[in-house]
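The values are calculated or read from the model by the stated rules, or taken from the named source; none is laboratory data. Nothing here was measured: the structure is a model prediction, and the numbers come from that model. Here the Cβ positions follow ideal geometry from the backbone for every residue, glycine too, while neighbour counts run over all protein chains shown. Heads up: the accessible areas ignore ligands, DNA and RNA and are worked out on the full protein's heavy atoms, side chains in. Shrake-Rupley method; radii C 1.70, N 1.55, O 1.52, S 1.80 Å.
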Amino acid sequence: MGFAMRLSFHQLLPSYAPRDAIGTEVSLLRDFLRSRGYQSDIYCQDKILNNGAKSAWSLADDLAKQKHTVTLFHFSVGTELTNLWSGLGGNRWLRYHNITPGNFFGRPDESNSRHLCNLGRLQLPQVALSSDLVISDSSYNSREVEEFAGGRTHVIPVLRDYENLVRGQIDSELLKKISDPSVATVLFVGRVAPNKCHHDILQILALHKKISSRRVRVIFAGGYFSESYQTVIAEFAKSLGLKLSHQWDFDADVMSLGSVTNEELTSLYKSATLYASMSEHEGFGVPIVESMYFDLPVYAHAAAAVPEVLGQGHFLVDKFNWVAALDVFEKALFDETARSLELGRTRAWRRQFGLERARSMFLDLLA
């Protein structure tokens, strides 16, 4: 961008939750920019502000007092911040994380989320047109917005310190329990939401049980998106003859644990046999990259940004072809030759998502 003088680089988003993927990126980017001498703050819409965030409604006044400013707007859902965006001074950069299509949320208790997602899709063209630059975290996301951005698009992967996560503390007792060699553990990390299609993971587990005596259990680490989808998962598991527990029950076929601690998450990644995702909509897929860094093979439905992020994985499937998908599932769990080949591939592939590379890409835009 050719900024000759040190500038202020702020970030704007509707809600700042430091533990989710966007919140983690926002924190990492702010701290990195501050370490490089930039003035950098986080502004969010929430009435309850924490973790050092400022009110979004004070941003315009703050920018007016500063010179050579960039504001990065993290956009993933409909928000009234779009009214603020077009009138802000300085350089406006859009960070597009994708918007889940609202048609995934058809149940009555999901109506607000459906509204916000549909609203975001309607707002996206104007938000992009009002931006000087658009930065997506995948080419898949970039293709959705480039028609509105007039060629002002860049792709920078999600900022995440994967190596630090791998070095994180573990729960040694939990690690020992999950590492039982008589049981293969399949892991999914992320909110239990309709677009993530946890029900299809239950289906593939039930099919496995019909053809094999080798024991496999599934662990979901993430809170439920809605009570109605929680009911769907519970009733579907029961209909398939699967025992589902919401606590650490190692006799269960499925453990749906809700949010877990950092130590528990690291232990799950280190002890699991396979990461599995049947999601039909991912704008990026941070847990897929996390799994690669933990040397955990990934079995996934080839939809949205997943093939781009995972690469030409040996365990990418079309989940709607259940016969072929089940065959690959068995190989991903038990074929050591296939698993070794996949891990050899991902050890090289994962490097492109490293934190230092993503940081340097942001700095290149500021040069």
| said: I'd like the full set of residues that are of a type in the set (S, T, N, Q) and assigned to a strand (DSSP E or B), limited to the range 76-103. | reply: Asn91
| Which of (1) in contact with a strand residue (DSSP E or B) (Cβ under 7 Å, 6 or more places away or on another chain); (2) surrounded by 19 or more Cβ atoms within 10 Å (Cβ to Cβ); (3) small (Gly, Ala, Ser) does Gly102 not meet, given it meets every other one? | (1)
| query | Taking interchain pairs and intrachain pairs at least six residues apart, which have beta carbon atoms under 7 angstrom, with the first residue in the range 194-223 and in a helix (DSSP H, G or I) and the second basic (Lys, Arg) and open to solvent by less than 10 Å² (accessible area, probe 1.4 Å)? | reply | Asp200/Lys319
| field | Matching entry among Ala221, Ala193, Ala237 (being in contact with a Leu (Cβ under 9 Å, 6 or more places away or on another chain), open to solvent by less than 60 Å² (accessible area, probe 1.4 Å), among the aliphatic types (A, V, I, L, M) and closer than 15 Å to Met278 by Cβ) | value | Ala237
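Can you name every residue in the range 57-75 that is free of Cβ contacts under 8 Å to residues at least 40 places away in the same chain and outside any helix (DSSP H, G or I)? Even if it seems obvious, please write down each step before you answer.
Quick first cut of the range 57-75, residues free of Cβ contacts under 8 Å to residues at least 40 places away in the same chain only: 57-58, 60-61, 64-65.
Listed by number, the list holds a single entry, Lys65.
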| task | Collect the residues in the range 125-174 that are open to solvent by 50 Å² or more (accessible area, probe 1.4 Å), farther than 30 Å from Leu268 by Cβ and assigned to a strand (DSSP E or B), keeping them in residue-number order. | result | His154
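When the residues of the range 5-43 are narrowed to those that are of a type in the set (D, E, K, R) and outside any loop (DSSP other than H, G, I, E, B), which ends up farthest from Leu165 (Cα to Cα)?
Start the filter on the range 5-43 by keeping residues that are of a type in the set (D, E, K, R), which leaves 6, 19-20, 25, 30-31, 34, 36, 41.
Filter once more, keeping what is outside any loop (DSSP other than H, G, I, E, B): 25, 30-31, 34.
Numbers: Glu25: 14, Arg30: 19, Asp31: 17, Arg34: 22 Å.
So the residue we want is Arg34.
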| Of the criteria (1) in contact (Cβ under 8 Å) with a residue 24 or more places away in the chain; (2) open to solvent by 40 Å² or more (accessible area, probe 1.4 Å), which one Lys54 fails | (1)
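Can you tell me which residue among Pro307, Pro297 is open to solvent by 10 Å² or more (accessible area, probe 1.4 Å), at pLDDT 95 or above and either closer than 22 Å to Arg351 by Cβ or of a type in the set (S, T, N, Q) (or both)? Don't jump to the end; show me each part of the working.
Details: Pro297 fails: open to solvent by 10 Å² or more (accessible area, probe 1.4 Å).
From the options Pro307, Pro297, the qualifying one is Pro307.
Among the listed residues Ser245, Ser279, Ser239, Ser259, identify the single one that is at pLDDT below 95 and of a type in the set (Gly, Ala, Ser).
Details: Ser245 fails: at pLDDT below 95; Ser279 fails: at pLDDT below 95; Ser239 fails: at pLDDT below 95.
Checking each option against the conditions leaves just Ser259.
Out of everything in the range 316-331 that is in a helix (DSSP H, G or I) and touching a Phe, Trp or Tyr at 6+ places or on another chain (Cβ under 8 Å), what residue ends up being surrounded by the fewest Cβ atoms within 10 Å (Cβ to Cβ)?
First, pick out the residues of the range 316-331 that are in a helix (DSSP H, G or I): 322-331.
Next, from what is left, pick out any that are touching a Phe, Trp or Tyr at 6+ places or on another chain (Cβ under 8 Å): 328-329, 331.
Working: Val328: 21, Phe329: 24, Lys331: 18.
Selected residue: Lys331.
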